[in-house]
Amino acid sequence: MIYRLCLAAVLAAAPSWAAAHQLVVFASVDCSAVTVEAKFSNGRIAQQGDIRILDADNALLQTLSLTETGTAIVPLEGIDTSAGLVVEVDTGSHENYWIVTPEDIARNCGS
Amino acid sequence: MNKALKYIVGLLALFTAQSLMADERPQIVAVNYPLAYFAERLIGDDADINFPVPQDVDPSFWRPGIADISAAQAADLILLNGASFATWIDRVSLPRSRLVNTSSALTDAFIQTESITHSHGDGGEHSHEGVASYLWLDPTLAKGQAEAIAAAIARRDLAPANDIYARLERLGVELDALDSATRDSLAPLSDTAMIATHPRYQYFARRNGLTIASLEWDAGAAPTKEELADLTSLMTETDARILIWEAEPPQAALQATQELGLVNVVFPTMVHAPSDLDYLDSFEASVTDLIEAAGQISTN
C-alpha cells in the first residue's frame, strides 16, 4: 500500500519535474566558426546531443555532436552563411534552437 | 533641357524622396496583437507597426524565420509582453537598447500558474508553468503596457512626445471605461462557475471576480473522447455551465459540449487581431456574449 502511494506520488510529480528541465541553446559566431553551447535550465550541462545546422530555408547543411562540455564548434568553411543559420540541438529528450542572422555574422566578423 | 525632360526628372526626384522617407519611417515590432494595437494608437501613422506571427500560429510558441529576426534586429523598438510570453525572444540576439518589456512595472500583479507539460501544433512540447501571460485581458494591466510603450516611443524620439502622451491619455480613458463597464456587467456572475478550454483568462477572471477553471484543449480543435471525459469531471467538480473557447471550434464540438448541458461562448483572447474588430470592440463583444450565456443558464 505504502509502495503504491509512493509510486503515485512520484508519478504525480513527474510532469512538473519534466517541465522544469528545458534545454537552453546559445550560439555565438565569428568569421570562421559558430560556437554552440547547450545546457538545461537547471544548470546541468547537456553532454550528449545532435546538432543540426540549417539554412534559411530549413535545409540541413551539417550535423555534428555535442561534446561532454556541452559545446561544439561548427567551422563555417564551405557553409553559405549569407542568409543566416539555424542551430538546432536535440538531446533525445529535449530540443531547442538558436537563430543566427546574417547581421549577427557581419557584426561579429568586423563588418 | 526641354520642359518634358525637366518634368520627368522632377517626378523621379519626388518619387525617390518619397521612397526614402517611407524607408525612414520608424519600425516597431510587437510580439502580440494587443501590443501592436496600443503602439498603433499611440504613434498613429508615424511608424510601421509589425506583428510578424502568422494567423494560424500561437505567438507564444512561434518559431521565427531568419528574415523575421533580421527585421526585428533592425527595428527601432521591439515590444515584448514579458510574463514568459514569446519563447523565441530567448533564442536570438536582439539589441537590448531597443527592447521594451511592457510589463516590467507590472510584475507584482503577475499570476503564478501550475506546471503542465503538453504539446500542440508544430511548436513542440511546452509547459504553462511559471506566469500567466495574457495580461491584456485585464484592461488595467493593458493600460500599464500602453504606458510603457508610450514612454519607450517618447524616449527614442520616434514621434513628438506631446502627441504620444495626448494619445495615451485618450487610450487610457477608453481602457478605464472598458474596465469599469466590464466589472459592472460581470458583477452578477461572481457565483457563476465557468470552464475555459485553455488557461488564458486568469487576469480577466481575477479582475472581474470570476471563477474560471481551465482545460488544456487545442485552440479551435474538436475535443477527443478523453477530453470530453475530463470536461465532464470538471463540470461535476465546479458545477460550471459555461464553456469558454478561445477560438471558434468545429460545429460538432459545440454540439457535443451543448449536449453535456454547457452554454458555449467564444471569447477571442486577441493574441492575434480579431477579425473585423479591434481590441476594445472585441473585448466588449466577448463580455456581452458572456452575459448572454449566463442569461441562457438562468432561463434553462
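Just checking, how many residues over the stretch B:208-263 are of a type in the set (S, T, Y) and in contact with a Pro (Cβ under 6 Å, 6 or more places away or on another chain)?
Here is the first cut: in the stretch B:208-263, the residues of a type in the set (S, T, Y) are B:211, B:214, B:224, B:232-233, B:236, B:238, B:257.
From what's left, in contact with a Pro (Cβ under 6 Å, 6 or more places away or on another chain): B:214.
Within the stretch B:208-263, residues that are of a type in the set (S, T, Y) and in contact with a Pro (Cβ under 6 Å, 6 or more places away or on another chain) number 1.
With respect to B:A247, is the statement that it is within 21 Å of B:D179 (Cα to Cα) and touching a strand residue (DSSP E or B) at 6+ places or on another chain (Cβ under 8 Å) true? Working first, answer last.
On the way: within 21 Å of B:D179 (Cα to Cα): no; touching a strand residue (DSSP E or B) at 6+ places or on another chain (Cβ under 8 Å): yes.
Against the criterion (within 21 Å of B:D179 (Cα to Cα) and touching a strand residue (DSSP E or B) at 6+ places or on another chain (Cβ under 8 Å)), B:A247 does not qualify.
Starting from residues that are among the basic types (K, R) and in a helix (DSSP H, G or I), keep the ones in the stretch B:166-210 and report whichever is nearest to B:L290 (Cα to Cα). Show your work before the answer.
Filtering the stretch B:166-210 down to residues among the basic types (K, R) leaves B:167, B:170, B:183, B:200, B:206-207.
Filter once more, so that each one left must be in a helix (DSSP H, G or I): B:167, B:170, B:183, B:206-207.
Working: B:R167: 30, B:R170: 27, B:R183: 12, B:R206: 16, B:R207: 15 Å.
Among those residues, the one meeting the criterion is B:R183.
Which members of the stretch B:52-78 meet the condition of being in contact with a helix residue (DSSP H, G or I) (Cβ under 8 Å, 6 or more places away or on another chain), charged (D, E, K, R) and at the interface with chain A (Cβ under 9 Å from one of its Cβ atoms)?
Selection gives B:R63 alone.
Take the residues in the stretch A:74-94 that are buried (at least 18 other Cβ atoms within 10 Å of the Cβ) and at the interface with chain B (Cβ under 8 Å from one of its Cβ atoms); name whichever of them is farthest from A:D30 (Cα to Cα).
For the stretch A:74-94, the residue satisfying everything is A:V86.
Could you tell me whether the stretch B:101-115 includes any residue that is within 14 Å of another protein chain (Cβ to nearest Cβ), polar (S, T, N, Q), under 25 Å from B:F283 (Cβ atoms) and in a strand (DSSP E or B)?
Our first condition is that a residue be within 14 Å of another protein chain (Cβ to nearest Cβ); within the stretch B:101-115, this holds for B:112-115.
Keeping just the survivors that are polar (S, T, N, Q) gives B:112-113, B:115.
This time we only want the ones that are under 25 Å from B:F283 (Cβ atoms), so: B:112-113.
Retained after the next criterion (residues that are in a strand (DSSP E or B)): B:112-113.
Yes, because at least one residue in the stretch B:101-115 is within 14 Å of another protein chain (Cβ to nearest Cβ), polar (S, T, N, Q), under 25 Å from B:F283 (Cβ atoms) and in a strand (DSSP E or B).
Looking at the stretch B:41-70, which of the residues that are under 14 Å from the mean Cα position of the chain (by Cα) and part of a helix (DSSP H, G or I) is modelled with the highest pLDDT?
The selected residue is B:P59.
Conditions first: (1) under 27 Å from B:Q73 (Cα atoms); (2) of a type outside the set (S, T, Y); (3) at pLDDT 95 or above. A:L66 passes all but one, so which condition is the exception?
(1)
Considering (1) surrounded by fewer than 22 Cβ atoms within 10 Å (Cβ to Cβ); (2) of a type in the set (F, W, Y); (3) modelled with pLDDT of 95 or more, say which one B:F15 fails and leave the rest.
The one condition B:F15 does not meet is (3).
Given the criterion surrounded by fewer than 19 Cβ atoms within 10 Å (Cβ to Cβ), touching an Asp or Glu at 6+ places or on another chain (Cβ under 8 Å) and in contact (Cβ under 8 Å) with a residue 24 or more places away in the chain, identify the matching residue among B:A181, B:A196.
So the residue among B:A181, B:A196 that is surrounded by fewer than 19 Cβ atoms within 10 Å (Cβ to Cβ), touching an Asp or Glu at 6+ places or on another chain (Cβ under 8 Å) and in contact (Cβ under 8 Å) with a residue 24 or more places away in the chain is B:A181.
For the stretch A:22-49, give me each residue that is closer than 12 Å to A:N96 by Cβ and exposed (fewer than 15 other Cβ atoms within 10 Å of the Cβ).
Of the stretch A:22-49, the ones closer than 12 Å to A:N96 by Cβ are A:22-27, A:36-41, A:46, A:49.
Selection gives A:S41 alone.
Test each condition in (1) among the hydroxyl-bearing types (S, T, Y); (2) within 14 Å of chain B (Cβ to nearest Cβ); (3) out of contact with any strand residue (DSSP E or B) (no Cβ under 6 Å at 6 or more places or on another chain) for A:T69 and report the one that comes out false.
Only one criterion is unmet by A:T69, namely (2).
The values are calculated or read from the model by the stated rules, or taken from the named source; none is laboratory data. Small disclaimer: the values here were computed from a predicted structure and weren't measured. All Cβ positions, even for glycine, are placed from backbone atoms using ideal geometry, and neighbour counts span all protein chains on display.
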